[in-house]
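Novice: First, the structure itself, so that you have it in front of you.
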Amino acid sequence: MLDSIPSATHRPCPLQQHPNFGAALRACGQDPLVLPPPDPVVILRRRLGGRLPVAMLARSDLAALPSEDGALRDWLRRTGLERAPILLSPDSPCAERLADLGAVPVMTPASVAEIDLTLPEEHRRARLHQKWRNRLTQAETRSRLRVSLSTRAPARGHWLFTADRALQKRRGYRNWPEALTLAYGQENPKQTVLLTAYSGRDPVAAMLFLRHSRAVTYHIGHSTPAGRKLSAHTLLLWQAACWCAAQGHQRLDLGLIDTQNAAGLARFKLGSGADARKLGGTWLWWPPLGRTLRGLSALDRRSMKSLPH
């Protein structure tokens with residue numbers, strides 16, 4: 001039975017705003033501020049240059065913030081954020097609300113790919129793009145792949161972590177540190193899902209997912225050349241979605257879509273029947289300034305419309 005954390009929008013809570021994430025951060029020595037349900041908020045606290053305190057609300061639901069000025073001031077005092085610059089990255093577009101606060105946009109909205117797990121399996125299969133469906137059928141019927149599924153967190157030094165570090169180094173990007181992933185599994189028992197595809201006795205692909213109440217988020221994955229030839233990741237993602245739907249999860253978050261720098265990965269995500277959903281961009285808000293930057297916010301929003309998302 002899943003624990004349910006309702007929100008003002010009734011959408012499943014994103015990983016970055018779930019208490020499971022806050023628990024993993026604390027286990028790694030960080031000090032996030034985690035506000036309890038019914039409207040959970042995870043606030044990351046950093047010091048830029050070792051001095052300037054900055055708060056970050058990633059994938060936040062601004063409906064959890066009080067709308068009335070007095071209540072909002074009380075909320076800021078209770079959280080200790082009344083004088084700190086705050087970076088807000090809402091889970092959905094809410095430009096008018098942010099502009100009304102006096103926040104200024106600093107980054108255009110990205111989009112995420114999400115699979116609706118509330119649909120019946122036959123409907124989800126019908127939503128697969130034709131080439132994706134063909135690869136899945138071949139993997140199911142001809143590849144002789146064997147798939148294992150475990151809700152036990154991978155151990156330190158697991159081959160998937162090693163492969164992921166090598167891929168990060170080769171492609172020049174950064175993912176979670178291994179310690180944070182390990183902490184997530186240790187602090188949240190049975191909230192990780194590891195699927196591994198074997199050809200004979202050899203693992204040829206793996207995908208790791210993180211569970212958080214009604215939602216599941218894809219975390220890391222790797223496929224060998226043999227696994228790619230056998231469409232192992234296609235099979236793993238499909239089986240992961242089916243298993244998570246059977247467990248009562250409502251949404252599978254496949255992460256950001258980057259059609260410029262990772263076009264192949266974007267096609268893979270969208271080919272799975274996922275919907276592309278736009279987030280709310282990144283905004284800078286400094287509460288002591290109040291609403292004095294509302295005019296600048298409007299100018300910035302107009303200029304951002306001409307930029308690619």
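Please treat every number below as a calculation from the coordinates, not as lab data. Quantities reported herein were computed from a predicted structural model and do not represent experimental measurements. For neighbour counting, all protein chains shown are included, and Cβ atoms are generated from backbone atoms with ideal geometry for every residue, glycine included.
Novice: Taking every pair of alpha-carbon atoms in region 32-153, what share in percent sits in each 10 Å bin, from 0 to the bin with the longest distance?
Specialist: Going out from 0 Å in 10 Å bins, region 32-153 shows 9, 28, 23, 16, 16, 6, 0 percent.
Novice: Considering only the other residues whose Cβ falls under 12 Å of the Cβ of His233, what net charge follows from Lys and Arg at +1 and Asp and Glu at -1? Kindly include the intermediate steps, with their values, before the conclusion.
Specialist: Numbers: positive: Arg135, Arg228, Lys229, Lys269; negative: none.
Overall, the nearby charge balance is +4.
Novice: Would you mind computing Rg(Cα) / (2.2 N^0.38 Å) for region 144-250, counting N as its residues? The partial results should precede the final answer.
Specialist: Numbers: Rg = 13.5 Å, N = 107, 2.2 N^0.38 = 13.0 Å.
Here the Cα radius of gyration is 1.04 times the empirical estimate.
Novice: Then there is this: Is there a quick way to get the dipole size of the chain? I mean about its Cα centre, with the Cβ of Lys and Arg at +1 and of Asp and Glu at -1; what is the value in debye to the nearest 20? Before the final figure, lay out the partial values.
Specialist: Numbers: 44 positive and 24 negative charges, 228 e Å.
For the chain, the charge dipole is close to 1100 debye.
Novice: Show that you can apply the helix-only estimate: for the chain, add -39,500 (n - 2.57) for every DSSP H stretch of four or more residues, divide by all residues, and state [θ] at 222 nm to the nearest 500. Let's see the in-between values first.
Specialist: Working: 11 runs with 108 residues, N = 309.
The helix-only estimate for the chain comes to -10000 deg cm²/dmol at 222 nm.
Novice: Please list the three semi-axes, largest first and in whole Å, of the ellipsoid equivalent to the chain, using sqrt of 5 times the eigenvalues of its alpha carbon gyration tensor. Provide the component values of the computation, followed by the final result.
Specialist: Values: eigenvalues 266, 90, 69 Å².
Semi-axes (√(5λ), whole Å): 36, 21, 19.
Novice: To continue, here is another question. Select from His18, Val193, Thr282 the residue farthest towards the positive end of the dipole of the chain; place +1 on Cβ of Lys and Arg, -1 on Cβ of Asp and Glu, and compute about the Cα centre.
Specialist: Positive-end residue among those listed: Val193.
Novice: With label points built 7 Å along Cα→Cβ from the Cα atoms of Ala126 and Ala276, find their separation and express it in nm.
Specialist: Each label point lies 7 Å from its Cα, and together they span 2.4 nm.
Novice: Using +1 on the beta carbon of Lys and Arg, -1 on that of Asp and Glu, and nothing else charged, what's the dipole of region 112-277 about the Cα centre, debye to 20? Numbers along the way, then the final one.
Specialist: Working: 26 positive and 12 negative charges, 100 e Å.
Magnitude of the dipole: close to 480 debye.
Novice: Please name whichever of His249, Val41, Val147 sits farthest to the positive end of the charge dipole of the chain, dipole taken about the Cα centre and charges placed at Cβ: Lys and Arg +1, Asp and Glu -1.
Specialist: Val147
Novice: A follow-up question, please. Could you tell me the distance between the Cα centroids of region 194-236 and region 15-53, to the nearest Å?
Specialist: 29
Novice: When only C-alpha pairs under 8 Å and at least 6 residues apart count, what is the relative contact order of the chain, in percent? Walk me through the numbers before you get to the answer.
Specialist: Numbers: 568 pairs, mean separation 90.6, N = 309.
29 percent.
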